[in-house]
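Participant: Sending over a structure as structure tokens; questions will come in a sec.
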Amino acid sequence: MKALTANRLSDGEVVFWKGGQWVERFGDAEVFADDEAAIAAEAHGKNQPTVVVDAYLIDLVESEGLWAPVSFRERIRALGPTNLNHGKQEEGGAAIQALQHAHGAARSSGRVNLIKRK
């Protein structure tokens, strides 16, 4: 499963793709089971350079009956500020709880080998 994310150009807010438009809440994001549909949505998102920047697909994992990003970085982006008293986390809800309790990859794959130790 995948979702499409980007940053809104006007204010930098993390946004997610849903049915032809960008939404601010990860819980509202469209989940793609079909790779072709996901790639088509990504292409459409990348063709909106005056609306969003850096549109890309993220991998999802099931968490508490809902979907959450696999990567820790993307979970932080979906949750909003790491300060629990502000933004999306303050609003709460089932989608926020699923993101907070999700398990999965904590780092990007393939980059660990680039670090050289002396």
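A short reminder: the numbers here are calculations on the coordinates, not readings from a lab. Model, not experiment: these values are computed from the prediction.
Participant: Can you work out the base-10 log of I(q)/I(0) for region 6-80 at q = 0.15, 0.20, 0.28 1/Å, using the Debye formula on its C-alpha atoms alone?
Facilitator: -0.47, -0.86, -1.56
Participant: Suppose the chain between residue 39 and residue 54 were pulled fully straight at 0.36 nm per residue; how much longer would it get relative to their current alpha carbon spacing?
Facilitator: My answer for the length gained is 4.0 nm.
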